[in-house]
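The structure appears right after this line, and notes come after that.
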Amino acid sequence: MTEFKELQAKEKHEVTTPAEQTRPGLVFTPEVDIFEADRELTLLADMPGVGANDISIDLQDGVLTISGDVKPWENAEESEVLTEFKTGKYYRQFTLSDAIDQDKINAKLEDGVLRLSLPKAQKAVPRQITVTAG
Amino acid sequence: MITRKMMGIPSMGWPLSFDEMERMARQMNWLTGGILGKPGTSMFSAKVFPAVNISEDKGNYYVRTELPGIWADDINLEITGRNLAISGERKIPSEGENARYHRKEREAGKFSRVISLPGDVEINSVEAKLTNGLLTITIAKAEAARPKQISVK
């Protein structure tokens, strides 16, 4: 590929979460990539500004919830000059169609991107069936 | 390019605060799928990636931008006078041929932007730090741009 795409600034999507927030503040939808291989489902989510300790991942009844908190990074002395983006929590839910092996879920946070590996439970792994000529 | 926030002016007779109006505009834009403006942009936002926030204290300007999944090696920063140029490339490595995508919302590509700082700066005293996908550039103000206490005799 010789032609490169120019990145465009995108407005962050604000969400209304099913439960009302106890703390006031904005909530955004992180952008995600989700792809599937034979044995696992992988989710990548852009969550800039979120530290590893501020992420929570929850899988319950086939619903995967990811949320991340962004701590305010300005020091108290600072005053705003220009504000083009807002910060807040990240929140998103997905319904998973495959059975996931909950014990083997692995999450990694690198450069503001969450990488979540969701290994499929044994029964959801596709099985090659050999037909033997009788 | 630099717009001082209007927040300092007490309400200006608006029934809503500036923040609330901005929020409504953002939601409207999202609901209409960007029909009112270009997709993904609103009248309050810049169209060039990356979006930046600038703030200041007595001694420094702080430029912050969200660059998730971009390695420090792929970011170029250049400062000339009051102009700070940010450029680079976001690469999304291939996940192999076996990966079958359900969703692909994250984008790769190049970016380049010049930001005019609101005052004179010490170009030799710039510091940039990338943590959790958030780039913070701290630029020291030039002597002339720093507030000076004047004692009244």
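General remarks:
- Any chance B:ASN98 is loosely packed, with under 13 Cβ neighbours inside 10 Å, closer than 30 Å to A:ARG92 by Cα and within 7 Å of chain A (Cβ to nearest Cβ): yes
- A:LYS108 vs. criteria in a helix (DSSP H, G or I), surrounded by fewer than 17 Cβ atoms within 10 Å (Cβ to Cβ), more than 11 Å from every other protein chain (Cβ to nearest Cβ) and not hydrophobic (A, V, I, L, M, F, W, C): no
- Condition met for B:ASP57 (farther than 26 Å from A:PRO72 by Cα and at pLDDT 90 or above): no
- All strands (runs of 3 or more DSSP E) inside the range B:107-153 with 2 or more residues being loosely packed, with under 14 Cβ neighbours inside 10 Å and either charged (D, E, K, R) or touching a Gly at 6+ places or on another chain (Cβ under 9 Å) (or both): B:121-131
- Number of positions in the range A:24-39 that are more than 10 Å from every other protein chain (Cβ to nearest Cβ), part of a strand (DSSP E or B) and surrounded by fewer than 21 Cβ atoms within 10 Å (Cβ to Cβ): 1
- A:SER97, sole failed condition from (1) without any contact (Cβ under 8 Å) to a residue 40 or more places away in the chain; (2) of a type outside the set (D, E, K, R); (3) assigned to a strand (DSSP E or B): (3)
- Per-region count, the range A:45-83, residues touching a residue at least 12 places away in the same chain (Cβ under 8 Å) and in a loop (DSSP other than H, G, I, E, B): 7
The values are calculated or read from the model by the stated rules, or taken from the named source; none is laboratory data. Owing to the predicted nature of the structure, the values given are computational and were not obtained by experimental measurement. Using ideal geometry, Cβ is built from the backbone for each residue, glycine included, and neighbour counts are taken over all protein chains shown.
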